[in-house]
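First comes the structure, then the notes that go with it.
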């Protein structure tokens, strides 16, 4: 049994009150610091989004180039061999100006279907397959990872992850309507791709780039660096 020691001596009350006040002040200061840090991070990401948005061109145009040194030659050769085996026909290579990304177009015998091998400074070499029915709305499937940015609805570029060109073709054919599509030539493919890119740029300028989007991009970059370390 515990022995009753009586009430806490009056001399201890000021000390206990002082401890309580100190803990309360510490907790409040911690919350304030947390809020300030969060606000600074929010401001940083907001300014970063504004900076990125300011660099987005008003319009891009695809200009033919006679030669290109692919940043990942082995990956390009793999994509090239895959599209050849799938019956696509290699055509010409274009540079997206002023962003300086490179795209090589591949035509298909299937109506409303074409492919591309893209070389981007941010994503390297990847493949893309586009389907377009007579409604004139191209939808592209690319073997890239999610970019962490918001997309307009309906979105015209679908990130499918690191899958093969053959799997991209399968995804595109699910939306293909052969009886409601036309055989496309190179000029039509280039125009469709250029138009889609410029429509996306116009949409992006109208909605901006949010702090949350920039934060997700930074987090993805940190995860990638940690995996590569």
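The values are calculated or read from the model by the stated rules, or taken from the named source; none is laboratory data. This one's a predicted model, so the numbers in the text were calculated from it and none came from an experiment. Neighbour counts run over all protein chains shown; Cβ positions are idealised from the backbone, glycine included.
Quick check, is residue 137 in contact (Cβ under 8 Å) with a residue 12 or more places away in the chain and either in contact with a helix residue (DSSP H, G or I) (Cβ under 8 Å, 6 or more places away or on another chain) or crowded, with 19+ Cβ neighbours inside 10 Å (or both)?
On the way: in contact (Cβ under 8 Å) with a residue 12 or more places away in the chain: yes; either in contact with a helix residue (DSSP H, G or I) (Cβ under 8 Å, 6 or more places away or on another chain) or crowded, with 19+ Cβ neighbours inside 10 Å (or both): no.
Against the criterion (in contact (Cβ under 8 Å) with a residue 12 or more places away in the chain and either in contact with a helix residue (DSSP H, G or I) (Cβ under 8 Å, 6 or more places away or on another chain) or crowded, with 19+ Cβ neighbours inside 10 Å (or both)), residue 137 does not qualify.
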Practice prompt. Kindly check whether there is at least one residue in region 75-91 that is within 19 Å of residue 124 (Cα to Cα), loosely packed, with under 14 Cβ neighbours inside 10 Å and modelled with pLDDT of 75 or more.
Written response: yes
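Which residue is surrounded by the most Cβ atoms within 10 Å (Cβ to Cβ), if the candidates are limited to region 58-74 and must be closer than 21 Å to residue 189 by Cβ and under 20 Å from the mean Cα position of the chain (by Cα)? Even if it seems obvious, please write down each step before you answer.
Here is the first cut: in region 58-74, the ones closer than 21 Å to residue 189 by Cβ are 59-68, 70.
Still in the running and under 20 Å from the mean Cα position of the chain (by Cα): 59-60.
Values: 59: 11, 60: 20.
Result: 60.
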Item to complete: Scan region 160-173 for residues that are outside any helix (DSSP H, G or I) and surrounded by fewer than 17 Cβ atoms within 10 Å (Cβ to Cβ) and report the count.
Response: 4
Worksheet item: Are any of the residues in region 180-202 out of contact with any helix residue (DSSP H, G or I) (no Cβ under 7 Å at 6 or more places or on another chain), modelled with pLDDT under 85 and either assigned to a helix (DSSP H, G or I) or over 21 Å from residue 139 (Cα atoms) (or both)?
Response: yes
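Are any residues in region 43-86 assigned to a helix (DSSP H, G or I) and within 14 Å of residue 116 (Cα to Cα), and if so, which ones? Lay out the reasoning, then the answer.
Within region 43-86, the subset assigned to a helix (DSSP H, G or I) is 43-54, 73-85.
Across region 43-86, the qualifying residues are 75, 76, 77, 78, 79, 80, 81, 82, 83, 84.
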